[in-house]
1. Out of the residues in region 175-200 meeting the condition of being among the hydrophobic types (A, V, I, L, M, F, W, C) and without any contact (Cβ under 8 Å) to a residue 40 or more places away in the chain, tell me which one is farthest from residue 76 (Cα to Cα).
2. Could you list, in sequence order, all residues of region 3-16 that are assigned to a helix (DSSP H, G or I) and under 21 Å from the mean Cα position of the chain (by Cα)?
3. Report every pair of residues separated by at least 6 positions or lying on different chains whose Cβ atoms are under 8 Å apart, first residue within region 135-155 and over 19 Å from residue 90 (Cα atoms), second surrounded by fewer than 24 Cβ atoms within 10 Å (Cβ to Cβ) and of a type in the set (S, T, N, Q).
4. Looking at (1) modelled with pLDDT under 95; (2) crowded, with 22+ Cβ neighbours inside 10 Å, find the lone condition where residue 213 falls short.
5. When you scan region 59-73, how many residues do you find that are part of a strand (DSSP E or B) and either charged (D, E, K, R) or without any contact (Cβ under 8 Å) to a residue 12 or more places away in the chain (or both)?
6. Residues of region 17-58 being farther than 24 Å from residue 170 by Cβ, in a helix (DSSP H, G or I) and touching a residue at least 40 places away in the same chain (Cβ under 8 Å), which ones?
7. Taking the stated definitions as given, is residue 194 more than 26 Å from residue 99 (Cβ to Cβ), among the hydrophobic types (A, V, I, L, M, F, W, C) and either assigned to a strand (DSSP E or B) or at pLDDT 95 or above (or both)?
8. Of all residues in region 5-15, how many are under 18 Å from residue 147 (Cβ atoms) and touching a residue at least 24 places away in the same chain (Cβ under 8 Å)?
Amino acid sequence: MNWGTMSRAARDAAYDNIAAVAHSTALNAARATDSAMFRAAHPEHLNLRYGPRERNTWDLFPAADVSAPCIVFIHGGYWQRNRADQFANLIAGPYAHGWAAALPGYTLAPDASLTEITAEINAALDWLGSHGPAHGIAGPVVLSGWSAGGHLTAMCLGHPRVAAGLAISGIFELGPIRDTVLNENLRLSDDEIVALSPLRLPVVPKPLAIAYGTAELPPLVSDSRDLHEYRAAAHAPGALIPVPGANHFTIVHELRDADGLLTQQARLLI
């Protein structure tokens with residue numbers, strides 16, 4: 001895509017997942033409803049505070065085995081929408097296979113910069129390392145996330161508590177979004193675009209599987225492919241996973257379902 005010749009409207013549309021998927025509102029509502037049901041069925045370790053800000057909380061879902069792997073799922077919404085509790089059902093696939101699961105919240109833009117949001121996820125992982133065992137979670141962590149959460153997964157892969165990652169439908173080069181409506185709340189500085197674009201950073205040599213839907217918008221497809229190629233050039237492990245026919249909102253069903261493609265891929269990482 002030639003960003004230099006595109007109109008502002010065309011650049012905005014290039015990242016507008018809601019407009020690109022006609023039934024996205026219904027899909028989001030169904031996910032939130034199912035997540036509320038999942039949380040209601042597992043209420044023992046919810047809203048655990050890891051930091052001082054309102055959204056600095058964990059929802060934890062320990063497994064029967066304290067040493068079981070744990071999937072940590074970071075929610076999406078272009079760093080400026082949604083809440084972690086609206087995504088709880090998406091960890092049901094690994095959870096059905098005996099894994100623990102955990103969802104961190106984070107402050108949204110513009111109340112926090114992307115630098116601060118990334119720091120909050122790292123602080124949340126610090127807390128999980130210190131306090132997770134008291135809540136039944138002590139096994140290896142597979143860090144995962146969708147959309148903005150896919151970006152944060154790539155950014156925080158180097159945290160010592162993380163053994164591997166699964167980045168779903170992420171943005172890994174921030175330069176183009178500076179010239180879109182997304183930046184009205186993010187207010188990215190030139191330094192942040194460099195420091196927070198995984199495609200511009202040294203490669204973390206841990207396994208990172210990278211997934212995208214074949215029916216997603218072109219920038220999300222190309223960013224996933226480019227990050228995989230970038231990591232492969234540094235001999236870093238991790239599969240590239242094109243999910244056939246999936247759009248930006250249906251791809252996560254492959255993690256929600258016990259037999260889903262992304263559930264299978266997550267289990268291969270540990």
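1. The qualifying residue farthest from residue 76 (Cα to Cα) is 194.
2. 14
3. Within 8 Å, the pairs are 138/67; 139/67; 155/118.
4. All conditions pass for residue 213, except number (1).
5. Total meeting the criteria: 1.
6. Answer for region 17-58, where residues must be farther than 24 Å from residue 170 by Cβ, in a helix (DSSP H, G or I) and touching a residue at least 40 places away in the same chain (Cβ under 8 Å): 36, 37, 39.
7. For residue 194, the condition - more than 26 Å from residue 99 (Cβ to Cβ), among the hydrophobic types (A, V, I, L, M, F, W, C) and either assigned to a strand (DSSP E or B) or at pLDDT 95 or above (or both) - is met.
8. Residues that pass the stated criteria total 4.
The values are calculated or read from the model by the stated rules, or taken from the named source; none is laboratory data. Bear in mind the structure is a predicted one, so any value in this text is a computation, not a measurement. Cβ: placed from backbone, ideal geometry, glycine included. Neighbour counts: every protein chain shown.
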